[in-house]
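Working notes, structure below.
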Amino acid sequence: MKFNLLVGASQINSARARSFGTTSLDGLRHLGEIVGRLGLNCDLYDLPSGAKSPGMASPFSLKSGFALDPLQLDLNRIPEITPALPIFDHLTEINRHYSAHFKGDRTLSFPLKLSLMPWILEACYSFFLAQTRTNRRQAFENFVQTQDYWLPHYALYEAATSQGLSGSGLEALKDPILARAYAGKHQEKIGYFEYVQFLCFEQRRALVEDLRRLKVGLIVNLPFGVEFHSADVFFHPEVFDTQNQVGCGPEPENGYPEQAWGMALYKEHSAGLETYLKERLAWLAQLGDGVFIDHLVGWCGQYALPRRANPAPGQQLGAFLTEDESVREENICWFLQLVTDSGLKVRGEIAGDFNRVEVTKRVALQMAKAGAPISLMMIPRWEREGDRFLTLDQYPEQALLAVETHDTSTLLQYLINQKGRFPDFESPHLILEFCRQVLGIPLYKSQMPLTLGAFSGDFYEEVLTRLAWGSPAKDLLFTLPSLLSWLTPEYRNASKFNNINVQPGTSGEVGNEEGNWSYFSPPISLLERPETAAILKRLGQRRFVRFGVFEELASPAGTRALWSQPKGRQILRHHFKAGWELYPGPEALLSGLIELTLANETDQELEGMLQIASVLKLSEGARHAFLDLNLESPAYHYEDKKIAAEGLYFKLRPGQIHHFLVWPEGRGYPTPQIKA
């Protein structure tokens, strides 16, 4: 069972891996070393590491299905950067000034990196061409030859567009004869883009090998689409329909309107698409141990809109390519078989419209039961069965239990219903039910909205324990910044800097209404703080421990009663001074306990009888002890005979809540000291 982390590589806050405005790949290596030292059984899920256009407002809008992001290169690991490099002294001086004046200002430093990297890499390429190191030159030539499906087209397209070629001049490169003629004239520029990808590949491969030595897996991301303005779309008409874009249909069940994503539509089930995917998957298989597939339901059948469509609220301009369930099953089975045949394990995100989600689940689970390495994401705040949340112990072993995703609120933001400076959009009623039915917290309306001041330090560790151990799912996934904010007091806040995707539809590289560009999440060194490390070492080797959640108990009008068997967890109470905290008394260790809460939800005093015989094991001549956790722990005794005949008497002020631990006296159970 694994305790996994979802990361954005450029946001990892590693002091040793900072490179101008982002973190280099060494940040992933540093994180792997830390989780290795902590003994976590862990895979790192890396968000898209492909080449992106900085002006596109999504980390998933790739300008190539293959090319890697040179902004993640670790300059210290580029062999050409030595004192002999002509710009070495200049680079050293720039770095000195950057470190002294701009290191903490990402708004300035990220554009600086965008400007510097081409200059640095062009100097490295010129130096590379001038050297006679035959082994390195041979490695480069081998790389170019083995990547012949995509690299020549990518390098040609990037060289041409970087030199301003557009319109009919660019279109002419689709003619192989004209393309060869252009390449002959601009071989050095084309070679530069090939060289940059060679550097990226070298460093990615070295990272994978280092992580494997640490017994840390790397799951790479397979986003759904590719931008129209890309070599993939330009040179592969057999793969892409350039008249239409992929998007998402209206999802009234999820509260989402129609979306147009601005990415070219795939030609489904075509021979060209099959070849393209096989090549892409073979490439990814060299870069990681598995793939995290965003928008997996899209492979059932895409939602298509005209290329220029930009739907207004309430409009519907597109349609599904197919709504035939058997065709959708065939499509998703075909795709998943391609992925697993590549040797990659599959971790799939399946948010979307109900019908495609159900088809994807059905096919994927059938394949998983037959032995395919497939796990589907399940997000506790979204998983329901009828009108109830799914309890964690109901998750299948094959599930990927994701506490949050790259663009949801963090768990802490969800509980307090705030993301950044503004309230979030979650229903307070759903948060209330989530706490009771998923986390096992006896929360009432009068205790909402939850605030950061309502949680004691041990509350965080207890909830984390329930999430880590409370499900048989083999894979648990936290986002790295969320975990850091959960475990470290100074980062327990609603800040969007604790999110990976600061706002759905934006990336840290573009900026948003918060005014940040590419930003750092909390420092990963916090994971090795003694108190934090102790928690992670305990939880990192996960095991399944089922714990009791809260059920409603019929109660008189104006009141609400909850009960639970607190097995597999500690007791969380709401203390009138300290807020939510662990109850420290010895009674919490008793077996056979019942937790019982009763609230007056009116503005008037209420009294009456609560029928509780159905949740207690009553015996003739015996009695039960009731310990009230909300007050200064007074204890009461009630005869079982009286409980059976009359129930439990209560008298509650407006808004008052009683929280009892209940156990049978005698038969080895202690008799509590009665308090006035």
Alpha-carbon Debye profile of the stretch 320-372, log10 I(q)/I(0) at 0.14, 0.19, 0.24 Å⁻¹: -0.35, -0.64, -0.98
Farthest positive-ward along the stretch 551-664 dipole, Cα basis, beta-carbon charges - from TYR638, LEU652, LEU606: TYR638
Under 29 Å, Cα to Cα: Lys pairs in the stretch 527-676, sequence gap 8 or more or different chains: 18
Per-residue HN-Hα couplings for the stretch 141-158 [Karplus 6.51, -1.76, 1.60; θ = phi - 60°; Hz; x = Gly/Pro]: 5, 4, 4, 4, 5, 6, 9, 6, 5, 10, 5, x, 5, 4, 5, 5, 5, 5
Dipole axis of the chain (+1 Lys, Arg; -1 Asp, Glu on Cβ), positive-most option in SER456, GLN570, LEU38: LEU38
Compactness of the stretch 236-378 as Cα Rg over 2.2 N^0.38 Å, two decimals: 1.05
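Excluding LYS267 itself, calculate the net charge of residues whose Cβ lies under 11 Å from the Cβ of LYS267, where each Lys or Arg counts +1 and each Asp or Glu counts -1. Before the final figure, lay out each step's value.
Numbers: positive: none; negative: GLU238, ASP241, GLU268, GLU274.
The answer is -4.
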Interchain or long-range residues, amide H under 5 Å from THR559's placed H: GLU601
PHE389, PHE20, PHE292, PHE497 arranged by Cβ crowding within 10 Å, fewest neighbours leading: PHE497, PHE389, PHE20, PHE292
Distant-in-sequence amide H partners of MET263 (H built 1.01 Å from N, under 5 Å): VAL246
Relative contact order (percent, whole number), the stretch 236-378, Cα cutoff 8 Å, 6+ residue spacing: 26 percent
The stretch 117-251, relative contact order [Cα under 8 Å, separation at least 6], %: 27 percent
Selected from PRO79, PHE422, GLN398, residue furthest toward positive end of dipole (the chain; charges at beta carbon): PRO79
Other-chain or far-sequence residues with amide H under 5 Å of GLY440's (modelled H): PHE550
Cut-off 13 Å between beta-carbons: net charge of the residues surrounding PHE234, Lys and Arg +1, Asp and Glu -1: -4
Nearest 10 degrees, 0 to 90: helix 88-101 Cα axis against the chain principal axis: 30 degrees
Dipole magnitude (debye, nearest 20) for the chain, charges at Cβ of Lys, Arg, Asp, Glu: 1580 debye
Estimated vicinal HN-Hα couplings, Hz - the stretch 31-48 in sequence order (Karplus 6.51, -1.76, 1.60; Gly, Pro = x): 4, x, 5, 5, 5, x, 5, 6, x, 6, 7, 9, 10, 9, 9, 9, 5, x
Cα-based helix-to-principal-axis angle, 187-213 vs the chain, degrees rounded to 10: 30 degrees
Hits among aspartates and glutamates - C-alpha to C-alpha of LYS419 under 18 Å, sequence gap 8 or more where chains match: GLU404, ASP407, GLU490, GLU513, GLU514
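What's the magnitude of the charge dipole for the stretch 551-664 around its Cα centre, counting Lys and Arg as +1 and Asp and Glu as -1 at the beta-carbon? Answer in Debye, nearest 20.
Once rounded to the nearest 20, the dipole reads 240 debye.
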Mean separation of Cα contacts under 8 Å (6+ apart) over length of the chain, as relative contact order %: 13 percent
Angle in degrees between helix 271-285 and the longest Cα principal axis of the chain, rounded to the nearest 10: 70 degrees
Rounded to 5, the percent of DSSP beta bridges in the chain classed as antiparallel: 65 percent
Where only C-alpha atoms are counted, convex hull volume of the stretch 551-664 per residue in Å³: 102 Å³
Euclidean distance of C-alpha centroids, the stretch 524-595 and the stretch 1-25, integer Å: 32 Å
(1) 105, 31, 23; (2) 54, 28, 21; (3) 46, 44, 22, with the label sought being that of the calculated semi-axes √(5λ) of the Cα gyration tensor in Å: (2)
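Where a number appears in this text, it was derived from the coordinates with a stated rule and is not lab data. In this text the structure is predicted, and so the values were computed from the model without any measurement. Neighbour counts are summed over all protein chains in view; Cβ atoms, including those assigned to glycine, are modelled from backbone coordinates with ideal geometry.
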